[in-house]
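Written below as structure tokens is the structure these notes are about.
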Amino acid sequence: MKFLKDLATAFYNAEPEKISEYCFVFPNRRAGLFFKKYLGEAAGAPFFSPSVITVQDLFVSLSGLRQADKLDLIFRLYEVYSKYSLAIDNFDDFYFWGEVILNDFDDTDKYLCNASKLFTNIKELKQIDDFYSYLSPNQIQAIRTFWTNFLETSGRPEENKEKFRALWEILLPVYTDFRDSLKKSGIGYEGMLFRSVVEDLKESGSLKEKYNEFRQIVFVGFNALNECEKELFRFLKRNGKGDFYWDYYGSILTDPNNKSTFFMESNIREFPSKMKIDLSVDTFPQIEIIGVPSETAQAATASQILDKESSLTSSNLENAVVLPDESMLLPVLYSIPENIDPINVTMGMPLRGTSVAALMESLIDFQKGDNYYLRVLNILKNNFVASLESEASITLVKFINENNLIFVSRDLLSVNELFKLIFRPARNSKLSDLDNIKALCTYLSDTLDYLLKSEKLSKTEKEYVYYFQTAVTRISDLMIPMKYSTFSRVLSQITGSITVPFRGEPISGIQVMGILETRVLDFENMIFCSMNEGVYPVKSAPNSFIPANLRVGFSLPTGEHQDAVLAYNFYRSIYRAKNVWLIYDTRTEGLKSGEPSRYINQLKYHFARENEGLQIVESIRTYEVESANTAPIVIEKSPEIIAKIMERYFSGGSGSFSASSLNTYIDCPLSFYYKYIAGLKEESEVEESIEANTFGTIFHDSVKLIYDLIADS
């Protein structure tokens, strides 16, 4: 990792005895861990380490506020919003909109927007020139374009515009009251914390004592800065405390036609480095583009490359697998050869993809209504339940199917302690929504607690259970009245953003990571999976109430900003590598287009032509699928089988040939043998309505009974 290693060596060599007086700030924690590793290598002996933190930690410590969790913030926002609008009656309807508003408030603060100007309600177009006189002509034009389109409509405004105006008119008082309520509680969202630091700096003119003691505060590997970060950087620069090092090297990354250069010129000009360190790169990676027809094939291809390259490099630490699509994590981990060890996973296992997530969903669904058999079967067939009470689960499933139980009694389900716990009612129609949610949280928590105490679950499975129990407890503590359907959605939202970390040594072994974890890090061999357009870079709609023109006018991040960030992260991560493999899915079925990422096309059609040393090899891998040569199944008509047929169907036997059995014999004699001679039956399934074969049996039995009655009379 040339960038961090050379930087660490340069700083240690410059002032080895005073290195502990420095504070190094990075975009993420992992970069700081590697930096400390290289500082240790440069020292070669024990020494007092400098402070190494992330920029988020720096702002939190300077703000004096505690960063609140997302659910708490949205509920507090709902309480404030409800004072100004009756358009949304309950928390159920507000949750989604609350996330959008919270994101807008976060951007407003991080980019130091004047909220009273941003959320104003323009009555006439002539107000714009006077109201926004402090903005540049281009910004004013962007704002004018929006309000012109919004105000100049013929006839009655459209319904959507009416709704937008109603929302827009209350955003400023909601923003103000929301921030005030959070400040009184000593908490805030990230943007609020950032803004409070900048406002305190302007008011006091000094940092907190802890950071004044540092000789230098060094910022390493940043790129897209928000206005709060810029103001902090400017303050430290003016006071001689700030030093800045940008990873802007290589002809591909710095190509003017590359969107990755969007922030480079202004950053270098405004925040130069104090030390001149040669961090340049004059070589190009060898790039191989590989198209394969499935996710499994991608994982297998990555595994084959790792198996080959791990024996060629001096350290597995120089190998990294990057997964833009988190669903690829398990297939890749299962595919890595056993001889490759250790493996360090930085992205964690998404909690929503675990068996316990499916169990929680089934339990909540079960409590929504009566003991409908599908709800019961979903629980009985869950991996956790089946592993803990295998025999009881199988027996119950079989009994429900064979007896066609559409509704299953609770007495039948209460066969052991776990089933008594799971299949007990937690909902009461006489209780309020809040009391029902509290009861549901208790029900889920008790079930999760039982799972945690079980000796049959692995440590990893218990880790999943623990994180879910934490999420349920958090919802219960907030005392939010909501419907069952909202609870399920809220729990899914919370757990959707939680990943269970894999414990291991972070600075050893092959690194399996997400895109953001690659920031500031370099590897010799890099394997990217899911390099498809729409996956990387991700295709996402803007999640904001602030229109695009106003975002441009107030210098808030736009789609162009996001494109520049993604382009920088990709091209920066590969330009110091020796070998890069870009694997994409060639399938065009369903929502998959099979289109390679724009970065692949840019490398092929632009950068390879502009840079003679950049070599790209491209291939499509296909796999021949051959059916196994299975021997035909032959049942010989032995004397024993013939005797069995004669005994059953002839000479007064117990059986008789029906039309169905004869049709089965004509269609497939082997099926006739298994069903009518060997007596093998298909597994029973619950029928909610009378199927044709069931109706036929009822009809035949009824007619036979009538004939018997007539004969007896």
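Summary of values
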quantity: Sole residue being acidic (Asp, Glu), under 30 Å from GLN216 (Cβ atoms) and open to solvent by 30 Å² or more (accessible area, probe 1.4 Å), chosen from ASP57, ASP93; calculated: ASP57
quantity: When residues of the range 524-555 are limited to those that are among the polar types (S, T, N, Q) and open to solvent by 50 Å² or more (accessible area, probe 1.4 Å), the one modelled with the highest pLDDT; calculated: SER555
quantity: Lone qualifier among ILE88, ILE101 - being at pLDDT below 90 and either within 20 Å of LEU516 (Cα to Cα) or not small (Gly, Ala, Ser) (or both); calculated: ILE88
quantity: Any hit, the range 411-423, residues being touching a Lys or Arg at 6+ places or on another chain (Cβ under 6 Å), open to solvent by 50 Å² or more (accessible area, probe 1.4 Å) and modelled with pLDDT of 85 or more; calculated: no
quantity: From LEU225, LEU279, LEU253, residue being surrounded by 16 or more Cβ atoms within 10 Å (Cβ to Cβ) and more than 31 Å from the chain's Cα centre (by Cα); calculated: LEU279
quantity: Count of the range 60-77 residues which are over 10 Å from GLY186 (Cα atoms) and open to solvent by 30 Å² or more (accessible area, probe 1.4 Å); calculated: 5
quantity: Scan of the range 248-281 for residues that are among the hydroxyl-bearing types (Ser, Thr, Tyr) and assigned to a loop (DSSP other than H, G, I, E, B), ordered by number; calculated: TYR248, TYR249, SER251, THR254, SER273, SER280
quantity: Whichever residue in the range 151-195 is modelled with pLDDT of 85 or more and not in a helix (DSSP H, G or I) and, among such residues, is most open to solvent (accessible area, probe 1.4 Å); calculated: SER185
quantity: Members of the range 282-312 found to be modelled with pLDDT under 85 and crowded, with 16+ Cβ neighbours inside 10 Å, listed by number; calculated: GLU309, SER310
quantity: Flag if ILE510 is in contact (Cβ under 8 Å) with a residue 40 or more places away in the chain and touching a strand residue (DSSP E or B) at 6+ places or on another chain (Cβ under 7 Å); calculated: yes
quantity: Qualifying residue in the range 100-109 (condition: free of Cβ contacts under 8 Å to residues at least 40 places away in the same chain and either closer than 26 Å to GLY188 by Cα or not β-branched (Val, Ile, Thr) (or both)); calculated: no
quantity: Every residue from the range 410-443 that is free of Cβ contacts under 8 Å to residues at least 40 places away in the same chain and assigned to a helix (DSSP H, G or I); calculated: ARG410, ASP411, LEU412, GLU417, LEU418, PHE419, LYS420, LEU421, ASP435, ALA439, CYS441, THR442
quantity: Qualifying positions in the range 548-583 - touching a helix residue (DSSP H, G or I) at 6+ places or on another chain (Cβ under 7 Å) and without any contact (Cβ under 8 Å) to a residue 24 or more places away in the chain; calculated: THR558
quantity: Checking TYR484 against (1) touching a Lys or Arg at 6+ places or on another chain (Cβ under 9 Å); (2) open to solvent by 10 Å² or more (accessible area, probe 1.4 Å); (3) at pLDDT 85 or above; (4) aromatic (Phe, Trp, Tyr), the condition it does not meet; calculated: (3)
quantity: Qualifying position, being assigned to a helix (DSSP H, G or I) and more than 30 Å from SER573 (Cβ to Cβ), among THR470, THR460; calculated: THR470
quantity: TYR211 vs. criteria closer than 30 Å to ASN569 by Cβ, touching a strand residue (DSSP E or B) at 6+ places or on another chain (Cβ under 9 Å) and surrounded by fewer than 20 Cβ atoms within 10 Å (Cβ to Cβ); calculated: yes
quantity: Among the candidates VAL385, VAL397, residue that is among the β-branched types (Val, Ile, Thr), surrounded by 13 or more Cβ atoms within 10 Å (Cβ to Cβ) and under 27 Å from SER492 (Cα atoms); calculated: VAL385
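Each row is one residue, and each column tells you yes or no for (1) touching a Gly at 6+ places or on another chain (Cβ under 6 Å); (2) at pLDDT 85 or above; (3) β-branched (Val, Ile, Thr); (4) closer than 21 Å to SER458 by Cα.
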| site | (1), (2), (3), (4) |
| --- | --- |
| GLU338 | no, no, no, yes |
| ILE343 | yes, no, yes, yes |
| PRO350 | no, no, no, yes |
| THR354 | no, no, yes, yes |
| PHE366 | no, yes, no, no |
| ASN383 | no, no, no, yes |
| SER393 | no, yes, no, yes |
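Residues checked against (1) in contact with a helix residue (DSSP H, G or I) (Cβ under 9 Å, 6 or more places away or on another chain); (2) polar (S, T, N, Q); (3) surrounded by fewer than 21 Cβ atoms within 10 Å (Cβ to Cβ); (4) touching a residue at least 12 places away in the same chain (Cβ under 8 Å):
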| residue | (1), (2), (3), (4) |
| --- | --- |
| PRO324 | no, no, yes, yes |
| LEU333 | yes, no, yes, yes |
| ASN344 | yes, yes, yes, yes |
| GLY348 | yes, no, yes, yes |
| VAL356 | yes, no, no, yes |
| GLY369 | yes, no, yes, no |
| LEU377 | yes, no, yes, yes |
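Conditions tested, residue by residue: (1) over 30 Å from ASP92 (Cα atoms); (2) in a helix (DSSP H, G or I).
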residue	(1), (2)
LEU7	yes, yes
GLU41	yes, yes
PHE48	yes, no
GLN56	yes, yes
PHE59	yes, yes
TYR78	no, yes
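The values are calculated or read from the model by the stated rules, or taken from the named source; none is laboratory data. Small disclaimer: the values here were computed from a predicted structure and weren't measured. Note that each Cβ is placed from the backbone with ideal geometry, even for glycine, and that neighbours are counted across all protein chains shown. We work out accessible area using only protein heavy atoms, side chains counted, and drop any ligands, DNA or RNA first. Shrake-Rupley method; radii C 1.70, N 1.55, O 1.52, S 1.80 Å.
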